[in-house]
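Student: First, the structure itself, so that you have it in front of you.
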Amino acid sequence: MEDVVILGSGPAGLCAALYTARANLSPVVVEGLQPGGQLTTTTEVENYPGFPEPCDGTDLVMRMRSQAERFGTRYIADEVVATDLQPGKLTISLSGGDQLETRTLIIATGASARYLGLPSEQRLIGKGVSGCATCDGAFYRGQKVAVVGGGDTAMEDALFLSRLVEHVTVIHRRDALRASQIMGDRVLANEKITVAWECVVDEVLGEDGVEGVRLRNVKTGDVSEIAVTGFFVAIGHDPNTTIFADQLDVDEQGFLVTTNTRTSIPGVYAAGDVQDPLYKQAVTAAGTGCMAALEVERFLATAEA
Ligand code: NDP
(Lines give C-alpha, C1' and ligand atoms only; values in the text may rest on other atoms or scores of the structure.)
Protein backbone atom coordinates (compact mmCIF):
# COMPACT_ATOMS: atom_id res chain seq x y z
CA MET A 1 0.00 0.00 0.00
CA GLU A 2 1.36 3.40 -1.00
CA ASP A 3 1.16 6.42 1.30
CA VAL A 4 0.32 8.80 -1.53
CA VAL A 5 -0.46 8.49 -5.22
CA ILE A 6 -0.67 11.59 -7.39
CA LEU A 7 -2.60 11.56 -10.65
CA GLY A 8 -1.23 14.06 -13.16
CA SER A 9 2.19 15.55 -13.89
CA GLY A 10 1.54 19.24 -14.50
CA PRO A 11 2.60 21.92 -11.99
CA ALA A 12 -0.07 20.83 -9.46
CA GLY A 13 0.92 17.16 -9.48
CA LEU A 14 4.65 17.86 -9.52
CA CYS A 15 4.52 20.42 -6.72
CA ALA A 16 2.47 17.95 -4.65
CA ALA A 17 5.15 15.36 -5.46
CA LEU A 18 7.96 17.68 -4.40
CA TYR A 19 6.39 18.40 -1.01
CA THR A 20 5.31 14.82 -0.24
CA ALA A 21 8.69 13.50 -1.38
CA ARG A 22 10.52 15.93 0.92
CA ALA A 23 8.22 14.66 3.72
CA ASN A 24 9.58 11.13 3.05
CA LEU A 25 6.24 9.85 1.75
CA SER A 26 7.82 8.44 -1.42
CA PRO A 27 5.01 9.58 -3.75
CA VAL A 28 4.02 7.79 -6.93
CA VAL A 29 3.04 10.05 -9.82
CA VAL A 30 0.88 8.59 -12.59
CA GLU A 31 1.91 10.87 -15.41
CA GLY A 32 -1.19 10.62 -17.59
CA LEU A 33 -1.65 10.91 -21.34
CA GLN A 34 0.11 14.27 -21.58
CA PRO A 35 3.18 14.16 -19.30
CA GLY A 36 3.87 17.68 -18.06
CA GLY A 37 0.28 18.76 -18.72
CA GLN A 38 -0.85 21.90 -20.49
CA LEU A 39 2.40 23.81 -19.89
CA THR A 40 3.99 21.58 -22.52
CA THR A 41 1.61 23.00 -25.13
CA THR A 42 2.38 26.65 -24.38
CA THR A 43 5.31 28.51 -25.83
CA GLU A 44 6.90 31.08 -23.58
CA VAL A 45 5.88 31.46 -19.98
CA GLU A 46 6.53 34.97 -18.72
CA ASN A 47 4.40 35.05 -15.57
CA TYR A 48 5.90 32.27 -13.46
CA PRO A 49 7.73 33.90 -10.55
CA GLY A 50 11.49 33.50 -10.46
CA PHE A 51 12.00 33.71 -14.22
CA PRO A 52 12.59 37.35 -15.22
CA GLU A 53 13.24 36.25 -18.79
CA PRO A 54 10.50 34.23 -20.56
CA CYS A 55 11.01 30.49 -20.13
CA ASP A 56 9.89 27.55 -22.25
CA GLY A 57 6.78 25.81 -20.81
CA THR A 58 8.12 22.29 -21.34
CA ASP A 59 11.46 23.24 -19.84
CA LEU A 60 9.76 24.72 -16.77
CA VAL A 61 7.69 21.63 -16.07
CA MET A 62 10.65 19.29 -16.71
CA ARG A 63 12.60 21.22 -14.09
CA MET A 64 9.73 20.64 -11.65
CA ARG A 65 9.82 16.94 -12.53
CA SER A 66 13.54 16.59 -11.84
CA GLN A 67 13.25 18.57 -8.63
CA ALA A 68 10.57 16.19 -7.29
CA GLU A 69 12.52 13.15 -8.52
CA ARG A 70 15.59 14.26 -6.58
CA PHE A 71 13.70 13.69 -3.32
CA GLY A 72 12.41 10.23 -4.22
CA THR A 73 9.32 10.70 -6.39
CA ARG A 74 8.57 7.66 -8.56
CA TYR A 75 6.91 8.12 -11.96
CA ILE A 76 4.62 5.74 -13.81
CA ALA A 77 4.09 6.43 -17.52
CA ASP A 78 0.48 5.33 -17.64
CA GLU A 79 -3.05 6.69 -17.43
CA VAL A 80 -5.70 6.10 -14.77
CA VAL A 81 -8.85 4.46 -16.16
CA ALA A 82 -10.86 3.77 -12.97
CA THR A 83 -10.82 4.45 -9.24
CA ASP A 84 -12.47 2.78 -6.27
CA LEU A 85 -12.35 5.34 -3.49
CA GLN A 86 -13.09 3.54 -0.24
CA PRO A 87 -11.85 5.66 2.70
CA GLY A 88 -8.69 3.98 4.02
CA LYS A 89 -8.15 1.96 0.83
CA LEU A 90 -8.10 3.86 -2.41
CA THR A 91 -7.62 1.72 -5.51
CA ILE A 92 -6.39 3.13 -8.80
CA SER A 93 -6.60 1.09 -12.01
CA LEU A 94 -4.22 1.96 -14.83
CA SER A 95 -4.73 1.45 -18.55
CA GLY A 96 -1.82 -1.03 -18.68
CA GLY A 97 -3.73 -3.33 -16.28
CA ASP A 98 -1.80 -2.54 -13.06
CA GLN A 99 -3.57 -1.47 -9.88
CA LEU A 100 -2.24 0.80 -7.14
CA GLU A 101 -3.53 0.85 -3.57
CA THR A 102 -2.93 3.94 -1.52
CA ARG A 103 -3.89 5.59 1.75
CA THR A 104 -4.16 9.03 0.19
CA LEU A 105 -4.70 10.32 -3.32
CA ILE A 106 -4.06 13.71 -4.93
CA ILE A 107 -6.02 14.25 -8.13
CA ALA A 108 -4.23 16.71 -10.41
CA THR A 109 -5.54 15.55 -13.76
CA GLY A 110 -5.97 19.07 -15.11
CA ALA A 111 -8.21 20.11 -17.95
CA SER A 112 -8.48 19.48 -21.70
CA ALA A 113 -9.12 21.83 -24.60
CA ARG A 114 -12.77 22.33 -25.47
CA TYR A 115 -14.12 22.17 -29.05
CA LEU A 116 -17.14 23.96 -30.53
CA GLY A 117 -18.89 20.67 -31.26
CA LEU A 118 -19.85 21.43 -34.88
CA PRO A 119 -20.03 18.26 -37.04
CA SER A 120 -17.78 19.90 -39.67
CA GLU A 121 -15.22 20.78 -36.98
CA GLN A 122 -15.22 17.27 -35.50
CA ARG A 123 -14.84 15.70 -38.95
CA LEU A 124 -11.78 17.83 -39.71
CA ILE A 125 -9.89 17.41 -36.42
CA GLY A 126 -6.34 16.55 -37.41
CA LYS A 127 -7.05 17.67 -40.99
CA GLY A 128 -6.72 21.39 -40.38
CA VAL A 129 -8.74 21.68 -37.16
CA SER A 130 -6.55 21.74 -34.06
CA GLY A 131 -6.90 22.41 -30.32
CA CYS A 132 -3.21 23.17 -29.91
CA ALA A 133 -1.52 25.95 -31.88
CA THR A 134 1.91 25.28 -30.46
CA CYS A 135 1.68 21.61 -31.41
CA ASP A 136 0.38 22.09 -34.95
CA GLY A 137 1.17 25.68 -35.95
CA ALA A 138 4.32 24.77 -37.88
CA PHE A 139 2.22 22.90 -40.46
CA TYR A 140 0.69 26.19 -41.60
CA ARG A 141 3.82 28.20 -42.38
CA GLY A 142 3.05 30.96 -44.86
CA GLN A 143 -0.69 30.13 -44.90
CA LYS A 144 -3.84 31.83 -43.57
CA VAL A 145 -5.37 30.52 -40.37
CA ALA A 146 -8.17 31.34 -37.91
CA VAL A 147 -8.27 31.15 -34.13
CA VAL A 148 -11.60 31.05 -32.35
CA GLY A 149 -11.88 32.48 -28.82
CA GLY A 150 -11.32 35.73 -26.96
CA GLY A 151 -9.36 34.60 -23.90
CA ASP A 152 -5.66 34.48 -23.12
CA THR A 153 -5.25 31.11 -24.82
CA ALA A 154 -6.66 32.49 -28.09
CA MET A 155 -4.43 35.57 -27.85
CA GLU A 156 -1.36 33.48 -27.10
CA ASP A 157 -2.19 31.16 -30.00
CA ALA A 158 -2.76 34.07 -32.40
CA LEU A 159 0.53 35.71 -31.43
CA PHE A 160 2.42 32.44 -31.74
CA LEU A 161 0.88 31.67 -35.13
CA SER A 162 1.52 35.21 -36.42
CA ARG A 163 5.26 34.43 -36.32
CA LEU A 164 4.75 31.52 -38.72
CA VAL A 165 1.78 32.20 -40.95
CA GLU A 166 0.77 34.86 -43.46
CA HIS A 167 -2.34 35.98 -41.61
CA VAL A 168 -4.42 35.14 -38.53
CA THR A 169 -8.11 35.92 -38.10
CA VAL A 170 -9.26 35.81 -34.48
CA ILE A 171 -12.97 34.99 -34.32
CA HIS A 172 -14.66 36.22 -31.16
CA ARG A 173 -18.35 36.11 -30.30
CA ARG A 174 -18.41 39.41 -28.40
CA ASP A 175 -17.22 42.98 -28.94
CA ALA A 176 -14.68 42.85 -26.11
CA LEU A 177 -11.92 40.39 -25.33
CA ARG A 178 -11.88 38.27 -22.20
CA ALA A 179 -8.08 38.10 -22.33
CA SER A 180 -5.80 40.08 -20.05
CA GLN A 181 -5.11 43.65 -21.19
CA ILE A 182 -1.47 43.01 -22.07
CA MET A 183 -2.25 40.01 -24.29
CA GLY A 184 -5.21 41.72 -25.96
CA ASP A 185 -3.14 44.85 -26.66
CA ARG A 186 -0.41 42.77 -28.29
CA VAL A 187 -2.92 41.08 -30.58
CA LEU A 188 -4.64 44.32 -31.56
CA ALA A 189 -1.27 45.92 -32.36
CA ASN A 190 -0.13 43.00 -34.52
CA GLU A 191 -0.33 43.77 -38.25
CA LYS A 192 -0.73 40.10 -39.18
CA ILE A 193 -3.79 39.61 -36.98
CA THR A 194 -7.32 40.87 -37.53
CA VAL A 195 -10.31 40.23 -35.27
CA ALA A 196 -13.72 39.20 -36.57
CA TRP A 197 -15.75 40.72 -33.73
CA GLU A 198 -19.18 39.46 -32.67
CA CYS A 199 -18.92 36.47 -34.96
CA VAL A 200 -19.60 32.80 -34.42
CA VAL A 201 -18.55 29.89 -36.59
CA ASP A 202 -21.45 28.19 -38.37
CA GLU A 203 -19.33 25.73 -40.32
CA VAL A 204 -15.76 24.75 -40.99
CA LEU A 205 -15.50 24.39 -44.76
CA GLY A 206 -13.65 21.69 -46.69
CA GLU A 207 -13.95 17.98 -47.44
CA ASP A 208 -10.56 16.36 -46.76
CA GLY A 209 -8.92 19.43 -45.26
CA VAL A 210 -9.89 22.86 -43.98
CA GLU A 211 -10.50 25.35 -46.79
CA GLY A 212 -12.34 28.07 -44.94
CA VAL A 213 -14.78 29.07 -42.23
CA ARG A 214 -18.36 30.33 -42.52
CA LEU A 215 -18.99 33.08 -40.01
CA ARG A 216 -22.22 34.64 -38.77
CA ASN A 217 -22.33 38.05 -37.19
CA VAL A 218 -24.42 37.65 -34.04
CA LYS A 219 -25.71 41.24 -34.17
CA THR A 220 -26.56 41.64 -37.86
CA GLY A 221 -27.02 37.99 -38.87
CA ASP A 222 -24.71 38.62 -41.85
CA VAL A 223 -22.98 35.47 -43.11
CA SER A 224 -19.49 35.59 -44.59
CA GLU A 225 -16.71 33.18 -45.49
CA ILE A 226 -12.99 33.47 -44.93
CA ALA A 227 -10.41 31.30 -46.68
CA VAL A 228 -8.10 29.56 -44.19
CA THR A 229 -6.29 26.24 -44.15
CA GLY A 230 -5.87 26.02 -40.38
CA PHE A 231 -8.61 26.39 -37.75
CA PHE A 232 -7.46 26.59 -34.13
CA VAL A 233 -9.99 26.24 -31.35
CA ALA A 234 -9.10 28.13 -28.15
CA ILE A 235 -12.37 28.47 -26.26
CA GLY A 236 -11.35 27.21 -22.84
CA HIS A 237 -10.93 23.88 -21.14
CA ASP A 238 -13.02 21.22 -19.44
CA PRO A 239 -11.78 19.58 -16.24
CA ASN A 240 -10.66 15.96 -16.58
CA THR A 241 -13.04 14.54 -13.98
CA THR A 242 -15.17 12.03 -15.89
CA ILE A 243 -13.81 8.99 -14.08
CA PHE A 244 -14.31 10.58 -10.62
CA ALA A 245 -17.66 12.29 -11.19
CA ASP A 246 -19.76 9.45 -9.77
CA GLN A 247 -17.64 9.16 -6.61
CA LEU A 248 -16.69 12.74 -5.73
CA ASP A 249 -18.69 15.97 -5.59
CA VAL A 250 -18.37 18.02 -8.78
CA ASP A 251 -19.93 21.39 -9.64
CA GLU A 252 -22.21 22.09 -12.61
CA GLN A 253 -19.19 22.55 -14.91
CA GLY A 254 -17.59 19.29 -13.77
CA PHE A 255 -14.86 20.76 -11.52
CA LEU A 256 -14.12 18.78 -8.34
CA VAL A 257 -15.52 20.61 -5.33
CA THR A 258 -12.87 21.15 -2.67
CA THR A 259 -12.28 22.90 0.63
CA ASN A 260 -8.59 23.65 0.99
CA THR A 261 -8.00 20.86 -1.58
CA ARG A 262 -10.03 18.32 0.45
CA THR A 263 -12.68 16.50 -1.62
CA SER A 264 -15.83 14.81 -0.35
CA ILE A 265 -13.88 11.60 0.52
CA PRO A 266 -11.38 11.62 3.42
CA GLY A 267 -7.83 11.10 2.20
CA VAL A 268 -8.66 12.24 -1.35
CA TYR A 269 -7.42 15.69 -2.41
CA ALA A 270 -7.53 17.68 -5.63
CA ALA A 271 -5.18 20.35 -6.93
CA GLY A 272 -4.75 22.49 -10.03
CA ASP A 273 -7.14 23.04 -12.92
CA VAL A 274 -9.23 19.96 -12.13
CA GLN A 275 -10.71 21.87 -9.17
CA ASP A 276 -10.23 25.47 -10.31
CA PRO A 277 -12.90 27.16 -12.42
CA LEU A 278 -11.48 30.63 -11.69
CA TYR A 279 -7.70 31.14 -11.84
CA LYS A 280 -6.18 28.32 -13.94
CA GLN A 281 -2.62 29.57 -13.75
CA ALA A 282 0.56 27.48 -13.52
CA VAL A 283 1.46 29.25 -10.30
CA THR A 284 -1.95 28.70 -8.67
CA ALA A 285 -1.85 25.05 -9.78
CA ALA A 286 1.56 24.65 -8.13
CA GLY A 287 0.24 26.44 -5.04
CA THR A 288 -2.74 24.11 -4.66
CA GLY A 289 -0.43 21.14 -5.25
CA CYS A 290 1.59 22.31 -2.26
CA MET A 291 -1.61 22.72 -0.21
CA ALA A 292 -2.78 19.20 -1.10
CA ALA A 293 0.61 17.77 -0.09
CA LEU A 294 0.49 19.50 3.29
CA GLU A 295 -3.07 18.20 3.79
CA VAL A 296 -1.87 14.67 2.99
CA GLU A 297 0.96 14.96 5.52
CA ARG A 298 -1.49 16.07 8.22
CA PHE A 299 -4.00 13.36 7.32
CA LEU A 300 -1.41 10.59 7.53
CA ALA A 301 0.08 11.96 10.75
CA THR A 302 -3.39 12.11 12.34
CA ALA A 303 -4.25 8.59 11.15
CA GLU A 304 -1.04 7.28 12.76
CA ALA A 305 -1.49 9.17 16.05
P1 NDP B 1 -11.20 31.49 -21.08
O2 NDP B 1 -12.33 30.79 -20.43
O3 NDP B 1 -10.51 32.60 -20.38
O4 NDP B 1 -11.68 32.09 -22.49
C5 NDP B 1 -12.42 31.32 -23.36
C6 NDP B 1 -12.82 32.19 -24.55
O7 NDP B 1 -13.51 31.39 -25.48
C8 NDP B 1 -13.74 33.35 -24.17
O9 NDP B 1 -13.40 34.49 -24.89
C10 NDP B 1 -15.11 32.81 -24.57
O11 NDP B 1 -15.99 33.82 -24.99
C12 NDP B 1 -14.79 31.95 -25.74
N13 NDP B 1 -15.75 30.85 -25.88
C14 NDP B 1 -16.10 29.92 -24.95
N15 NDP B 1 -17.00 29.06 -25.45
C16 NDP B 1 -17.22 29.46 -26.74
C17 NDP B 1 -18.05 28.97 -27.79
N18 NDP B 1 -18.81 27.88 -27.62
N19 NDP B 1 -18.02 29.62 -28.95
C20 NDP B 1 -17.24 30.69 -29.14
N21 NDP B 1 -16.42 31.22 -28.19
C22 NDP B 1 -16.42 30.60 -27.01
O23 NDP B 1 -10.19 30.30 -21.49
P24 NDP B 1 -8.65 30.38 -21.89
O25 NDP B 1 -8.30 29.00 -22.26
O26 NDP B 1 -8.39 31.46 -22.85
O27 NDP B 1 -7.91 30.76 -20.54
C28 NDP B 1 -8.08 29.93 -19.38
C29 NDP B 1 -7.26 30.50 -18.23
O30 NDP B 1 -5.88 30.34 -18.50
C31 NDP B 1 -7.50 31.98 -17.99
O32 NDP B 1 -7.47 32.20 -16.61
C33 NDP B 1 -6.33 32.63 -18.65
O34 NDP B 1 -5.98 33.87 -18.05
C35 NDP B 1 -5.24 31.59 -18.42
N36 NDP B 1 -4.19 31.70 -19.44
C37 NDP B 1 -3.16 32.55 -19.21
C38 NDP B 1 -2.17 32.72 -20.14
C39 NDP B 1 -1.09 33.70 -19.86
O40 NDP B 1 -1.15 34.37 -18.84
N41 NDP B 1 -0.10 33.83 -20.71
C42 NDP B 1 -2.16 31.98 -21.40
C43 NDP B 1 -3.30 31.13 -21.56
C44 NDP B 1 -4.28 31.01 -20.61
P45 NDP B 1 -16.57 34.92 -23.93
O46 NDP B 1 -15.45 35.86 -23.70
O47 NDP B 1 -17.73 35.50 -24.67
O48 NDP B 1 -16.98 34.13 -22.74
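The values are calculated or read from the model by the stated rules, or taken from the named source; none is laboratory data. None of these values were measured; they are calculated from a predicted model. Every residue, glycine among them, receives a Cβ derived from its backbone with ideal geometry; neighbour counts consider all protein chains shown. For accessibility, only protein heavy atoms count, side chains too; no ligands or nucleic acids. Shrake-Rupley method; radii C 1.70, N 1.55, O 1.52, S 1.80 Å.
Student: Just to be sure I understand the filter: pairs with C-beta atoms under 9 Å, separated by 6 or more residues or on different chains, first member in segment 107-126 and under 30 Å from Ala17 (Cα atoms), second member open to solvent by 70 Å² or more (accessible area, probe 1.4 Å). Which pairs pass?
Tutor: Gly110/Gln34; Ala111/Lys280; Ser112/Gln34
Student: Okay, next question. Which residue pairs have Cβ atoms closer than 7 Å, lie 6 or more positions apart in sequence or on different chains, and pair a first residue in segment 167-191 that is more than 7 Å from the ligand (Cβ to nearest atom) and open to solvent by 40 Å² or more (accessible area, probe 1.4 Å) with a second residue that is among the basic types (Lys, Arg) and in a loop (DSSP other than H, G, I, E, B)?
Tutor: If the second residue must be among the basic types (Lys, Arg) and in a loop (DSSP other than H, G, I, E, B), the pairs left are His167/Lys192.
Student: So, one more: Could you list all residues from segment 253-274 that are of a type in the set (S, T, N, Q), open to solvent by 30 Å² or more (accessible area, probe 1.4 Å) and in contact with a helix residue (DSSP H, G or I) (Cβ under 9 Å, 6 or more places away or on another chain)? Full working, then the answer.
Tutor: Here is the first cut: in segment 253-274, the residues of a type in the set (S, T, N, Q) are 253, 258-261, 263-264.
In the following step, the residues that additionally are open to solvent by 30 Å² or more (accessible area, probe 1.4 Å) were identified as 253, 258-260, 264.
Across segment 253-274, the qualifying residues are Thr258, Asn260.
Student: Report, by residue number, each residue of segment 3-34 that is in a helix (DSSP H, G or I) and either open to solvent by less than 10 Å² (accessible area, probe 1.4 Å) or closer than 17 Å to Val274 by Cα (or both). Break it down into steps so the answer makes sense when it comes.
Tutor: Initial filter on segment 3-34 (in a helix (DSSP H, G or I)): 11-22.
Of everything in segment 3-34, those that are in a helix (DSSP H, G or I) and either open to solvent by less than 10 Å² (accessible area, probe 1.4 Å) or closer than 17 Å to Val274 by Cα (or both) turn out to be Pro11, Ala12, Gly13, Leu14, Cys15, Ala16, Ala17, Thr20, Ala21.
Student: Same structure again: All but one of (1) at pLDDT below 95; (2) in contact with a Ser or Thr (Cβ under 9 Å, 6 or more places away or on another chain) hold for Gln122; state the number of the condition that does not hold.
Tutor: So the condition that Gln122 fails would be (2).
Student: May I ask you to verify whether Ala158 is more than 9 Å from the ligand (Cβ to nearest atom), modelled with pLDDT of 95 or more and among the small types (Gly, Ala, Ser)?
Tutor: Spelling it out, Ala158 is indeed more than 9 Å from the ligand (Cβ to nearest atom), modelled with pLDDT of 95 or more and among the small types (Gly, Ala, Ser).
Student: Then there's this: For Gln99, work out the one condition from (1) within 25 Å of Ile235 (Cβ to Cβ); (2) open to solvent by 20 Å² or more (accessible area, probe 1.4 Å) it doesn't fulfil.
Tutor: Unmet for Gln99, out of (1) within 25 Å of Ile235 (Cβ to Cβ); (2) open to solvent by 20 Å² or more (accessible area, probe 1.4 Å): (1).
Student: Also: Given (1) open to solvent by 30 Å² or more (accessible area, probe 1.4 Å); (2) at pLDDT below 95, where does Gly131 come up short, assuming only one miss?
Tutor: (1)
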